[in-house]
Amino acid sequence: MILRWISGCLLFPLSLAAEPWQLEVRTTPFDYSSPAVVRDYDPLDKAAQHWTFCVSLPHMKDAYYLSLNYGMVEEARRLGVGFRLLDAGGYPNLDRQTEQIKDCVADGADGLIVATVSFDGLTPALMTIAEQIPIIGAVNDIADDGITAKAAVSWYDMGKAAGQVVADRHPKGTPPVDLAWFPGPEGAGWVKFVDHGFRDAIADSSARVVATQYGDTGREIQVLLVEEVLENHPQIDYLVGSAPMAEAAVSILRSRGLSDSIGIVSDYMTHAVYRALRRGRIIAAPTDFPVLQGRLAIEMAVRAVEGKLILHHAGPRIELVTPQNVRDIGPDGSLAPPSFVPTFVVE
């Protein structure tokens, strides 16, 4: 297998698209409580013709979605299909996402891929669209009605992985520690799941949640939320939550001289989180390999249009990344190259 290095970072294997992908497949599609089976998956070699898809994302403010976008671009070009990317501008913008999707589909599309801002807010519109074209749910969990397949991991498991990091460091019976929890935007499709997983993980530990801060995953908002916690809880032991929160926390704690006294755990991976892991500034972060998720969403959409869909619910296997194993796991499948910029149209 040929690997490429850019700016000192190991990136996606060049031969990965032609090789099987290792995926976690839910034994009961759309049921995250059902067992997941790890299996090798052979992606299509080429689309039967040049299909065009609408791809709707909550926003591009978070580098996570940049990596997802990169995976979609790479897979679309490999398969010989195109897409138009729609940016809803943030999780509060359900109406904007709905209108963007309706307009894009009305202009002509063979399929729709959607990472929703709301678990079920899009359902009425998607039910109508599903009568015309297949719909692939990506990344964020979404109500099942109208959905053909899901290319996603369990955000319960992502939250549980982050919480388990703290629970393992502070088991029940040890001196209590206080943490602030930043689940993400209240009402977003993934937040209630990541919150449930996190709280279940720490339930039998000595960790106490003394502050819960909801907010959009833009850096500016997360900076304000972190600073508010530090003002109201100066003796806090951990900051745990979204990658933009963790990114902001690294800089804020360094400027306040608190880097060695307050721990940071991210519940997903971005470029800045990866760099901070390598420098030992973040304790841990699970990765759900958004580049591979982007590839899978496009590949599933092609299969759905061509009547070749064999998996209805799958995603990469989650791995926990720490400063100790970060160089072994590397960013391959998780991060777009440093030179990649958002790509809204693939012809």
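The values are calculated or read from the model by the stated rules, or taken from the named source; none is laboratory data. Quick caveat: nothing in here was measured; it's all calculated off a predicted structure. No Cβ is skipped: glycine too gets one built from the backbone with ideal geometry, and neighbour counts run over all protein chains shown. Heads up: the accessible areas ignore ligands, DNA and RNA and are worked out on the full protein's heavy atoms, side chains in. Shrake-Rupley method; radii C 1.70, N 1.55, O 1.52, S 1.80 Å.
Of note:
- Whichever residue in the range 1-29 is open to solvent by less than 50 Å² (accessible area, probe 1.4 Å) and over 17 Å from SER334 (Cα atoms) and, among such residues, is modelled with the lowest pLDDT: ARG26
- Checked against the criterion of being hydroxyl-bearing (Ser, Thr, Tyr) and more than 18 Å from MET300 (Cβ to Cβ), the range 132-152 has no qualifying residue.
- Search result, residues across the range 243-269 that are charged (D, E, K, R), within 19 Å of the chain's Cα centre (by Cα) and not in a loop (DSSP other than H, G, I, E, B): GLU247
Per-residue answers, yes or no, for (1) farther than 22 Å from ALA143 by Cα; (2) charged (D, E, K, R):
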{"position": "PRO171", "(1), (2)": "yes, no"}
{"position": "THR174", "(1), (2)": "yes, no"}
{"position": "LEU179", "(1), (2)": "yes, no"}
{"position": "PHE182", "(1), (2)": "yes, no"}
{"position": "GLY187", "(1), (2)": "no, no"}
{"position": "VAL194", "(1), (2)": "no, no"}
{"position": "ASP200", "(1), (2)": "yes, yes"}
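- Looking only at residues in the range 201-225 that are touching a residue at least 40 places away in the same chain (Cβ under 8 Å) and touching a Phe, Trp or Tyr at 6+ places or on another chain (Cβ under 8 Å), the one that is nearest to GLU247 (Cα to Cα) is GLN222.
- Scanning the range 162-197 for residues that are open to solvent by less than 50 Å² (accessible area, probe 1.4 Å), assigned to a loop (DSSP other than H, G, I, E, B) and at pLDDT below 95 yields PRO185, ALA188, GLY189, TRP190.
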